1. If one takes the longest principal axis of the Cα atoms in the chain, at what angle in degrees, from 0 to 90 and to the nearest 10, does the Cα axis of helix 279-288 lie?
2. Distance from the Cα centre of segment 199-273 to that of segment 138-154, in angstrom?
3. Would you please give the FRET efficiency between Glu126 and Ser41, computed as 1/(1 + (r/R0)^6) with r the Cβ-Cβ distance and R0 = 30 Å, to the nearest 0.05?
4. Per the helix-only calculation at 222 nm, which mean residue ellipticity applies to the chain, given -39500 (n - 2.57) for every DSSP H run of n ≥ 4 and division by its residues, nearest 500 deg cm²/dmol?
5. For segment 190-221, which trypsin sites (Lys or Arg not before Pro) pass both filters: DSSP loop (anything but H, G, I, E, B) and at most 11 other C-beta atoms within 10 Å?
6. Given an 8 Å cut-off on Cα distances and at least 6 residues of separation, report the relative contact order of the chain as a percent.
7. Taking the Cβ of Arg206 as the center, what net charge do the other residues with Cβ under 13 Å away carry, scoring Lys and Arg +1 and Asp and Glu -1?
8. Of the DSSP beta bridges with both residues in the chain, give the percent that are antiparallel, rounding to the nearest 5.
Amino acid sequence: MEIQQLKGFYYSTKLGSLTRAAEKLSVTQSAVSQQIKSLESELGIQLFNRFGPKKELTPDGKLFFELISPIIQELDSLKSTFEDMKGNEKGLLTIAATTFMIMNLLPPVIKQYTEKYPNVQLEIMERRWNEIVRLAHVGEIDFGLTPVTKISSNLNFLLLEPIDRVLITSIGHPLSRKTHVTLEDIVKYPMITYERGLVTRGEFDRVMREHGLQSNIIMEATNAETIKRYVEMGIGISIIPKMALFPTKTTRLEVISINRYFGKSQYGVLLRKGKHITRWSRHFLELLIPDLTERLK
């Protein structure tokens with residue numbers, strides 16, 4: 001079993017095609033195909049289902065991919081490690097994050113980072129939280145930005161500053177004139193929520209359930225921009241992380257504090273234990289977590 005065979009299979013799977021894997025490895029497509037066939041022969045298993053136009057991993061293929069992913073990732077990171085040791089500031093930084101983090105937390109961080117490290121290539125992937133955890137676990141990303149969640153023992157999770165949640169309504173809505181808004185007040189009005197499986201939606205459902213209340217959910221959305229647009233139109237009210245208010249002009253929305261019921265959104269950074277952190281990777285973390293040195297002790 002040779003490294004090039006493993007890389008051929010790994011990149012065919014990760015990039016979704018033999019052609020793209022061949023381009024990545026600077027070999028021909030037939031060479032990658034032969035590497036995979038040789039692996040299958042040597043292992044005595046079938047890695048791909050070859051029915052139809054699209055190849056899909058078999059159960060054995062999925063297991064094999066998970067087993068070799070950390071190996072290939074470590075090999076690929078050797079170049080960055082030695083560039084770092086030589087004092088060079090050129091490499092690749094791979095980040096996976098939820099839509100909320102990409103839209104609201106990362107823009108100012110990315111701007112500062114690229115000004116300091118213009119020669120570092122950034123690869124930012126938009127993923128659901130469970131996929132981010134998987135990518136971090138198998139070593140396919142440097143960092144994952146995700147809500148608080150259960151993680152495996154090979155990962156570290158560094159908490160970010162908690163984010164307030166707020167109730168938003170259209171301008172002049174009856175709730176905006178109340179001194180104290182209760183849960184009983186909220187359920188009187190049509191609600192626009194995040195779709196099931198997203199953290200703020202889960203928190204909303206939990207609070208409603210614990211208080212024995214039934215909300216009138218008329219619409220679900222995957223992101224705050226959609227929610228804000230329909231709330232502005234007066235279609236319904238919603239609960240979102242406060243950070244998601246920007247860059248919308250708050251004059252379009254009424255914003256009401258509801259921390260006493262729904263608490264704060266808690267996010268963090270996932271990274272593999274024992275993974276070499278280059279200077280340019282560390283700087284990215286420091287922009288997110290000012291007290292990083294103390295946290296990593």
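Every read-out reported here was derived from the displayed coordinates using simple, explicitly stated rules and does not represent laboratory data. None of the values given here were measured: they were computed from a predicted structure. Glycine also receives a Cβ, built like all others from the backbone with ideal geometry; neighbour counts cover every protein chain displayed.
1. 10
2. Between the Cα centres of segment 199-273 and segment 138-154 lies a distance of 24 Å.
3. 0.20
4. Only helices count here, giving -12500 deg cm²/dmol.
5. Arg196
6. Result for the chain is 20 percent.
7. Net local charge, Arg206 excluded: +1.
8. Counting DSSP beta bridges with both partners in the chain, the antiparallel share is about 60 percent.
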